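Some notes on the structure that comes next.
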Amino acid sequence: MRADAGPAAPAVLRLPGHEFGTVAADLVQGVLSSTSRPVIGVATGGSPSPLYRELAARGGDYRAVTWFALDEYLGLPAGHPQSYAEVLRRELIDPLGLDPRTVHLPDPHAADPHDAAERYEQRIADAGGVDLQILGIGRNGHLAFNEPGAALDSRTRVETLTEDTRRANRRFFPTLAEVPTRCITQGLGTILSARRLLLLAQGPAKAEALHRALAGPVTSDCPASALQLHGDVTILADAKAAALLP
Ligand code: F6R
């Protein structure tokens, strides 16, 4: 390797959508079996669903694992079905038979959400950091809810969702007006501190964002371009999401 070589480029695996679950689950189980007290970062949204379904189908003993969500909406009542606490209960905790105390999310009901964000960042650090962070990508290039303009070294904080992200997530809510406008999100710096990253991208709506993230410059304008700064990134992309990649 040249002395001035940067981090290894993200490895892009082009796969048919039906293989996402098995390939991603193999990767997760590889990390679980090589780590004594694994810490897994989990995304919500549609992208990781095949992985969670596959992990549930395989069964397994997850008692040693600690899980951290990427983000949580602010402004939803406790128990709202689209809060990420509830989404993770439905998609991860119940199907995998996890102890809910091992699955951490930022507290959206804290008196001061900024404090809650700082405490969350600290909890991740106290757990020894994340071994494997699972990610989706927004069609505007966001990672977690780090929207365009987010600092590449940002940490967990309160953020405002862009209209584009609210419209993309409208499909989970009865009306656009009910999609929250604010959230607590891990920062790009928080995500880059994870030892390994796994991003899942399916469908044509992700093609431009994935191209900008991997083939464009590293810039806050495309938060997912921060992936280029990390030396251990695996990307699963179907043909439509990978369509614009070289
Ligand atoms: C979810 C998250 C978001 C999503 C992204 C893609 O916890 O942080 O960054 O990963 O918006 O969403 P989907 O997978 O629904 O296309």
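Considering only residues that are within 13 Å of residue 198 (Cα to Cα) and either free of Cβ contacts under 8 Å to residues at least 12 places away in the same chain or more than 16 Å from the ligand (Cβ to nearest atom) (or both), which ones fall in segment 29-64?
29, 30, 31
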Subset of segment 203-236 [small (Gly, Ala, Ser) and crowded, with 23+ Cβ neighbours inside 10 Å]: 209, 213, 224, 226
With respect to residue 30, is the statement that it is of a type in the set (Gly, Ala, Ser) and surrounded by 14 or more Cβ atoms within 10 Å (Cβ to Cβ) true? no
Looking at segment 96-115, which of the residues that are in a helix (DSSP H, G or I) and out of contact with any strand residue (DSSP E or B) (no Cβ under 6 Å at 6 or more places or on another chain) is surrounded by the fewest Cβ atoms within 10 Å (Cβ to Cβ)? 101
Please determine, by comparing only the residues of segment 130-184 that are closer than 12 Å to residue 223 by Cβ and not in a loop (DSSP other than H, G, I, E, B), which one is farthest from the ligand (Cβ to nearest atom). 159
Do the conditions hold for residue 93, that is, is it in contact (Cβ under 8 Å) with a residue 60 or more places away in the chain, buried (at least 17 other Cβ atoms within 10 Å of the Cβ) and either part of a loop (DSSP other than H, G, I, E, B) or among the β-branched types (Val, Ile, Thr) (or both)? no
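Considering only residues of segment 201-246 that are among the charged types (D, E, K, R) and part of a helix (DSSP H, G or I), which is nearest to residue 189 (Cα to Cα)? Working first, answer last.
Keep residues of segment 201-246 that are among the charged types (D, E, K, R), which gives 206, 208, 212, 221, 232, 238, 240.
Filter once more, keeping what is part of a helix (DSSP H, G or I): 206, 208, 212.
Values: 206: 22, 208: 23, 212: 19 Å.
Residue satisfying both the conditions and the ranking: 212.
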For residue 17, indicate whether it is within 30 Å of residue 109 (Cβ to Cβ) and within 16 Å of the ligand (Cβ to nearest atom). no
Restricting attention to segment 45-62, does a residue exist that is closer than 30 Å to residue 176 by Cβ and among the basic types (Lys, Arg)? yes
Would you tally the residues in segment 69-86 being crowded, with 19+ Cβ neighbours inside 10 Å and either within 11 Å of the ligand (Cβ to nearest atom) or more than 18 Å from residue 120 (Cβ to Cβ) (or both)? 6
Single unsatisfied condition, residue 195 versus (1) modelled with pLDDT under 95; (2) touching a strand residue (DSSP E or B) at 6+ places or on another chain (Cβ under 9 Å): (1)
Are there any pairs with C-beta distances below 7 angstrom linking a residue in segment 230-246 that is farther than 22 Å from residue 152 by Cβ to a residue that is charged (D, E, K, R), with the two at least 6 apart or on different chains, and if so which? 237/14; 239/14; 241/206; 242/14; 244/208
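The values are calculated or read from the model by the stated rules, or taken from the named source; none is laboratory data. What you see is a predicted model; the values in this text were computed from it and never measured. Using ideal geometry, Cβ is built from the backbone for each residue, glycine included, and neighbour counts are taken over all protein chains shown.
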